[in-house]
Amino acid sequence: MSAKQYVQHLLSFIDESPSPWHAVASIEAAIQAFQFVKLDEMVKWQLQTGGRYYVVRDDSSIVLFVLGRKAPAESGFKIVGAHTDSPGFRIRPNAATASNGIARIGVEIYGGPILATFTDRDLSLAGRVSYVDDKGNLSQKLVRFYQSLVRLPNLAIHLNRGVNEDGLKLHKQNELFLLFTQLTADQLPPQPYFVALLAQAAGIEAAQLLSWDLAVYDTHKGTFWGANQEFYANSQIDNLASCHAGLQALLNDAVINTAESTLVCAFFDHEEIGSKSHIGAAGNFLTDVLQRISIATSSDREAMSCASANSFLISADMAHAYHPNFASAYEADHSVIVNQGPAIKSNANRRYSTESISTAHFIRWCKEADVPYQRYSHRSDLPCGSTIGPIASAQLGIRSVDIGCPMWAMHSVRESAGVQDHEYMIKVLKQFFSN
């Protein structure tokens, strides 16, 4: 595919994945044509050399792997890690309230979104529900409202005269309620009405519905922009773009049919809130999967330790692209430019897992793939963000590098990045898997 075709495929992937639970479902759909077999963590695994497998934990984290022709103890694991979640709003349990005849939906802030970007957008809800099925079993189901369902209107400038000078500041407790519907006399009270609407969307009865995990998403689909259509915009580019790039690199016959090392894509939920959960990078999900692969391929008690010592992790997340309107926000000698290749992200305090040896490996793969690369370092007077790299590397004892495509407006409801960079990322990850 061309660079633009790759990004069109990415935009469709994001549009089909308005929540982490939908993102994993989209990945599962994508790998079916490649004969991946789903494994159950509750039963013993029987693995075959060259086999293609995946494991889902709690619907929003997934690990895929292709078992190499050599045992991991001999050839190690080649791992691409990314995350399925994005910052935004999540719906509260007692969601719906009323104020002067207007029903509102209460939200909690998930991660660190740019709150102001959610105002005056066509928003809706997506996620999963838990319910009692017709046989009395506890079940889960994905749910999504496709229409614009809720909105966070701005206060008129006549009532907020300083907004352009002081910036839009929203009180996190009082001013983030999403306007939902205008109540009528014959309508259910707000909470029962919301539950009934949610149950209808899930195709169940309201009495069956027990609980939900719902994210707020922007219904505006992804698009290309720029005089030469060289940029693209969508929600959740951070970090579904990296998930997509890793998946595209793996789902390649030249890669998976000739793999000597065991190839792994690990996409975690909860990165935006610190990764500390049973499905996050700080949990045992990936460790369990790699250990079980080692056990299935070797009777040697030291097999996992040998495999870890011979393994490599590429932590793929997005990077802060240079914004010409805010030049002072960047470290002058480390500004990365859109469409000029992936950025290698470094931090002396190990907010990124990158060090000189892992950097050298990644530069070599870039050169072999004919992909340009850039170096990113954060300003010393600003707190540096982090990602799954340091966490997963420490958990596994595996050398790692943190890299990412440059992007604008990270954590906005509408982010932007470069078309060419996405192809560059796929090419270098493919080279990593093939090396």
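The values are calculated or read from the model by the stated rules, or taken from the named source; none is laboratory data. Note that the structure is a prediction, hence the values are computed from the model and not measured. Every residue, glycine among them, receives a Cβ derived from its backbone with ideal geometry; neighbour counts consider all protein chains shown. In case anyone asks, the SASA skips ligands and DNA or RNA and just uses the protein heavy atoms, side chains included. Shrake-Rupley method; radii C 1.70, N 1.55, O 1.52, S 1.80 Å.
Summary table below
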{"item": "3J(HN,Hα) from dihedral phi, region 5-19, Karplus parametrisation 6.51/-1.76/1.60, rounded to Hz, x for glycine, proline", "result": "5, 4, 6, 4, 5, 4, 4, 5, 4, 5, 4, 7, 10, x, 8"}
{"item": "Given charges at beta-carbon only (K, R positive; D, E negative), |dipole| of region 374-430 in Debye", "result": "140 debye"}
{"item": "Fraction of antiparallel bridges per DSSP, region 1-110 only, in percent to nearest 5", "result": "90 percent"}
{"item": "For region 343-435, share of DSSP beta bridges that run antiparallel, in % to the nearest 5", "result": "50 percent"}
{"item": "Nearest 10 degrees, 0 to 90: helix 419-434 Cα axis against the chain principal axis", "result": "40 degrees"}
{"item": "Of Ser130, Ser294, Ser380, the one that fluctuates the most in a GNM where the chain has Cα springs shorter than 10 Å", "result": "Ser380"}
{"item": "Trypsin sites (Lys or Arg not before Pro) restricted to DSSP loop in region 1-92 with at most 10 other C-beta within 10 Å", "result": "Lys44"}
{"item": "Choice from Gly280, Gly106, Gly136 showing the highest fluctuation, given a GNM over the chain with Cα pairs closer than 10 Å", "result": "Gly136"}
{"item": "Overall form of region 125-243 per C-alpha gyration tensor (a/c, 1.5; a/b vs b/c)", "result": "oblate"}
{"item": "Using θ = phi - 60° and Karplus 6.51 cos²θ - 1.76 cosθ + 1.60, couplings along region 343-356 (whole Hz; Gly, Pro as x)", "result": "9, 8, 9, 10, 7, 4, 8, 6, 5, 10, 7, 4, 9, 5"}
{"item": "Principal-axis tilt of helix 285-297 within the chain, Cα atoms, nearest 10 degrees", "result": "30 degrees"}
{"item": "Spatially near lysine pairs across region 13-157, Cα under 24 Å, sequence gap of 8 or more or different chains", "result": "6"}
{"item": "For region 267-394, size of Cβ-based charge dipole, Lys and Arg +1, Asp and Glu -1, in debye", "result": "140 debye"}
{"item": "Kirkwood Rh and Cα Rg combined as Rg/Rh, region 101-191", "result": "1.07"}
{"item": "Among Ala327, Ala319, Ala266, residue whose mean-square fluctuation peaks in a GNM of the chain (springs only between Cα atoms under 10 Å)", "result": "Ala327"}
{"item": "Cα long-axis angle, helix 20-31 against the chain (0 to 90 degrees, to the nearest 10)", "result": "50 degrees"}
{"item": "Backbone HN-Hα couplings from phi across region 124-141 [Karplus 6.51/-1.76/1.60, Hz, Gly and Pro as x]", "result": "8, 10, 8, x, 9, 10, 10, 8, 9, 7, 5, 9, x, 8, 7, 9, 10, 8"}
{"item": "Principal axis box of region 176-284, alpha-carbon based, largest edge first, Å", "result": "66, 46, 28"}
{"item": "Sulfur and carbon atoms: percent of accessible area, the chain [1.4 Å]", "result": "49 percent"}
{"item": "Region 130-160: trypsin sites (Lys or Arg not before Pro) in DSSP coil with no more than 11 other Cβ atoms inside 10 Å", "result": "Lys135"}
{"item": "For the chain, share of DSSP beta bridges that run antiparallel, in % to the nearest 5", "result": "70 percent"}
{"item": "Tensor-based shape of region 8-99 (alpha-carbon gyration tensor, a/c under 1.5 rounded, otherwise prolate or oblate)", "result": "prolate"}
{"item": "Dipole magnitude of the chain, debye to nearest 20 (Cβ charges: Lys/Arg +1, Asp/Glu -1, about Cα centre)", "result": "340 debye"}
{"item": "Gln200 paired with His158, simple spin-label distance in nm, labels 7 Å along Cα-to-beta-carbon", "result": "3.5 nm"}
{"item": "Sum of side-chain charges, Leu263 neighbourhood, beta-carbon under 14 Å (Lys, Arg +1; Asp, Glu -1)", "result": "+3"}
{"item": "Global geometry of the chain, whether rounded, prolate or oblate, following the gyration tensor of its Cα atoms and the 1.5 cut on a/c", "result": "oblate"}
